[in-house]
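What follows is calculated from the coordinates using simple rules that are stated; it is not laboratory data. Only a predicted model underlies this, so the values are computations on that prediction, with no experimental measurement involved. Using ideal geometry, Cβ is built from the backbone for each residue, glycine included, and neighbour counts are taken over all protein chains shown.
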Amino acid sequence: MLTEIENKKLAELLFPEVEKTTEYWEEKFPYRKLGKKAEVTRMAPSPTGFIHLGNLYSALADERIAHRHGGVFYLRIEDTDAKRKVDGAVDLIINALRYFNIEFDEGAGFGDDAEQNAYGPYYQTERVEIYHSYAKSLVERGLAYPCFATEEELSKVREEQEENKVLTGYYGKYATWRDKTFAEYEEALKSGAEHVLRLRSQGEEGKEITFHDEIKGDVQLPENIHDIVLLKKDGIPTYHFAHAIDDHLMRTTVVIRGGEWLASVPIHYELFHVLGFKMPKYAHTAHLMKFDEETGGKRKLSKRKDPELSLDFYRKDGYHPHCMKVYLLTLLNSHFEEWHEQHPDEDLNNFPFSVENMSKSGALFDKDKLHNICKNELSRLSEDEVYEFLKTWAEEFEPEKAKLWFADEEKLKSILRLYMGVGAKRRRKDLIFAKQVFELIGYFFGDESEKDEFKLGTEEEKKILAEYLNTFDYADDNSAWFNKLKAVADKLGYASDMKAYKANPEDFKGSVSDIAEAVRISVTGRANTPDLWTIIHIMGEEQMRERINAVLNA
Ligand code: GLU
């Protein structure tokens, strides 16, 4: 054990350039003046250039918790790992979240605006001076020390530990630099050898901490006994050390982060304690899981196997941000679905979101469920809203085709009205996401890419279509038009009366519904569509004849 004076001398040797004290930083970043219930949350991504559904999932939780009661949601960039850094990653994060209407109040990406930088800098690599003040203070108090162990030495110890089947790591008697004399530290430092700074852990083997997680409840975990690295060889902090200092000084009140960090809580517990900080509340989120067809079980969504993990996927295919939000809230909070059903028109932000009700086990990502939500939500939007949304999407992702789709506003709106079932007894729910919408209605714009199969065979089909065209009159109303379909049926040996058909199906080749289907598939390419007469009247006679003639001449 070093004496108090030796600790001070060691701290001075290690950090001669550090002048600012921890008190200085405490004063510079005072507790925030917020209402009683207000929470401060943050998103703290590493700038790897990949932003995924899991990020959006927890960002939404952060944002909701902060903004429920006038708190603050800020963005901190954890860029201590130079190897993973990607240029433009911060803009990517901000833009991706903005698309889903999730806005930060403060933090990285705000330029020079003083108010939104009050607790910055928000890039960890710009905070090294701060970390060093705290590191120095720990050394002064005998709670941290330099460690000169080389990689080879460390892996040798590890092998030995594995052989003897004891806990691996740098702790207790294996922590060879923990109890050196001042002279030994001094000599090693003077030699200029590389070193890291380690915590001199105060934990005891066999003891446990009880830790309260906002989602998981009380959790018992073994006390930390490892002399973990605080500063790496280059003086850059580890995640653990930076997390404690940043969340303390930025005055975070709730840390929402991935469940993979739960096992590190004992380290953070000790760090907050030795640094004299009050711990924030923690909520460790469940992983997003997916049903795996191969194994029949659940598995984590993976970057490699699941394109739908990337947020880009949802923008490229044109998922409406509101639908995504409804879906994610459904995944995040068990009470949300019922609330939304009871208050379908209420602003989603009025939902009483709570951390406690967040999903404890892995939330299951289910595309069918997402699509059902999309169908429901889109059917509730006005036709103007859907039109504007599709237009914005198409101009970005299908600029060439957009010219055709949006050349005639009234036409497209009539199509949307039809597919959204506006005014119908039972609203249709056909629309899911922008790309799918244009696949669905593409035939109005000459898209022939997809055709359902004719049931009756080509020759029969052609007979029906020729007869249909013969008697077709654009001026007919819906019922006159349908009567003509019936006449075609009678003429060609199909039942025009469904009751008669059902009673004696063997007397007929089929029924009027087969006639309608033949026309429908020829005109639209699909066996299933909204009202065919209306489709023909939006499309116009010329295009209808063209499409039918194409089948006849094939
Ligand atoms: N940079 C960490 C990560 O991306 C943040 C974890 C946290 O939110 O504290 O996993």
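LYS85 versus ASP408, label points 7 Å from Cα toward the beta carbon: distance in nm?
Simple spin-label model gives 5.6 nm for this pair.
Let me spell out the model: positive unit charges on the Cβ of Lys and Arg, negative unit charges on the Cβ of Asp and Glu, origin at the Cα centre of the chain. What dipole size does that give, in debye rounded to 20?
Dipole magnitude for the chain comes out near 840 debye.
Report, by chain and number, residues whose modeled amide H sits under 5 Å from the one on TYR282, excluding near sequence neighbours (fewer than 5 apart, same chain).
Residues meeting the amide H criterion: GLU214, VAL255.
In the chain, what cysteines have no partner Cβ closer than 4.7 Å?
CYS147
Calculate for the chain the 222 nm mean residue ellipticity that helices alone would give, adding -39,500 (n - 2.57) per DSSP H run of length 4 or more and normalising by residue count, nearest 500 deg cm²/dmol.
Helix contribution divided over all residues of the chain: -13500 deg cm²/dmol.
Mind checking the dipole of the stretch 353-432: about its Cα centre, +1 per Lys or Arg Cβ, -1 per Asp or Glu Cβ, Debye to the nearest 20?
580
Work out the charge dipole of the stretch 270-309 with +1 on the Cβ of Lys and Arg and -1 on the Cβ of Asp and Glu about the Cα centre, then indicate which of PHE272, ALA286, PRO307 is farthest towards its positive end.
Farthest towards the positive pole: PHE272.
Given charges of +1 on the Cβ of Lys and Arg and -1 on the Cβ of Asp and Glu, with all other atoms neutral, how large is the dipole of the stretch 307-408 about its Cα centre, in debye to the nearest 20?
The dipole magnitude comes to about 360 debye.
For the charge dipole of the chain, defined by +1 on Lys and Arg C-beta atoms and -1 on Asp and Glu C-beta atoms about the Cα centroid, which residue among MET43, VAL90, HIS340 has the Cα displaced farthest towards the positive pole?
Toward the positive end, the furthest listed residue is HIS340.
In straight Cα distance, which lysines are under 25 Å from LYS85, not counting same-chain residues fewer than 8 positions off?
Answer for LYS85, where 25 Å is the Cα cut-off: LYS232, LYS233, LYS300, LYS303, LYS305, LYS316, listed by chain and number.
If you take every DSSP beta bridge fully contained in the chain, what fraction is antiparallel? Give it as a percent rounded to 5.
Restricted to the chain, the bridges split so that about 55 percent are antiparallel.
Averaging sequence separations of C-alpha pairs under 8 Å and six or more residues apart, then dividing by the length of the stretch 326-475, give the relative contact order as a whole percent.
Worked out over the stretch 326-475, it gives 18 percent.
What does the charge add up to near LEU221, with Lys and Arg as +1, Asp and Glu as -1, over the other residues with Cβ less than 12 Å from its Cβ?
-3
If each of LYS156 and ALA487 carries a label point 7 Å out from its Cα toward its Cβ, how far apart are those two points in nm?
10.1
Calculated FRET efficiency, GLU506 and ASN478, Cβ-Cβ r, R0 25 Å, to nearest 0.05?
0.20
Treating the stretch 149-281 as a set of equal point scatterers at the Cα positions, no solvent, please give the Debye-formula log₁₀ I(q)/I(0) at q = 0.15, 0.17 Å⁻¹.
Values, matching the q order: -0.85, -1.05.
On a 0 to 90 degree scale, rounded to 10, what angle separates helix 541-552 from the longest Cα axis of the chain?
90
If we sort 526-532, 316-322, 234-240, 428-434 on the protection proxy, mean other Cβ atoms within 10 Å, highest first, what's the order?
428-434, 316-322, 234-240, 526-532
From Cα pairs below 8 angstrom and at least 6 apart in sequence, can you work out the relative contact order of the chain, rounded to a whole percent?
11 percent.
Could you tell me the calculated FRET efficiency between ASP317 and LYS278, based on Cβ-Cβ distance and R0 = 35 angstrom, to the nearest 0.05?
My answer for the efficiency is 0.20.
Checking the cross-link filter: which aspartates and glutamates have an alpha carbon closer than 19 Å to that of LYS491, excluding same-chain neighbours under 8 positions apart?
GLU459, GLU460, GLU461, GLU467, ASP473, GLU506, ASP507, ASP514, GLU517
If you take every residue apart from THR168 with its C-beta less than 11 Å away from the C-beta of THR168, what net charge results, scoring Lys and Arg +1 and Asp and Glu -1?
Its environment carries a net charge of -2.
Just want to confirm a number: the relative contact order over the stretch 400-537, from Cα pairs under 8 angstrom separated by 6+ residues, in percent.
23
What is the helix-to-structure angle for 512-524, meaning the angle in degrees between its Cα long axis and the longest Cα principal axis of the chain, kept from 0 to 90 and rounded to the nearest 10?
60
Long-range amide H contacts for ARG141: which residues qualify at under 5 Å (H placed 1.01 Å from N, peptide plane, sequence gap of 5 or more or a different chain)?
none
Mind ordering 81-87, 252-258 by average Cβ neighbours within 10 Å, highest first?
Per-residue Cβ counts within 10 Å, averaged per peptide and sorted highest first, yield 252-258, 81-87.
Beta carbons within 10 angstrom, averaged per residue: use that to sort the peptides 136-143, 54-61, 450-457, 34-41, highest first.
54-61, 136-143, 34-41, 450-457
Be a star and scan the stretch 138-159 for residues whose amide nitrogen sits under 18 Å from the point 7 Å along the Cα-to-Cβ vector of THR176.
145-159
Using square roots of five times the C-alpha gyration tensor eigenvalues, list the equivalent-ellipsoid semi-axes of the stretch 421-536 in whole Å, biggest first.
Its equivalent ellipsoid spans semi-axes of 26, 16, 15 Å.
Helix 128-140 sits at what angle to the longest principal axis of the chain, using alpha carbons and giving 0 to 90 degrees rounded to 10?
In the chain, helix 128-140 runs at an angle near 40 degrees to the longest axis.
Taking the dipole about the Cα centre of the chain, with the C-beta of Lys and Arg at +1 and of Asp and Glu at -1, give me whichever of ALA394, ILE536, SER137 is farthest to the positive side.
ILE536
I'm checking a number: the convex hull volume of the Cα atoms of the chain, normalised per residue, in Å³. What is it?
Residue-normalised Cα hull volume stands at 219 Å³.
Would you mind checking which residues have amide H under 5 Å from VAL72's amide H? H placed 1.01 Å from N; only 5 or more apart, or other chain.
Answer set, sorted by chain and number: GLU39, VAL40, THR41.
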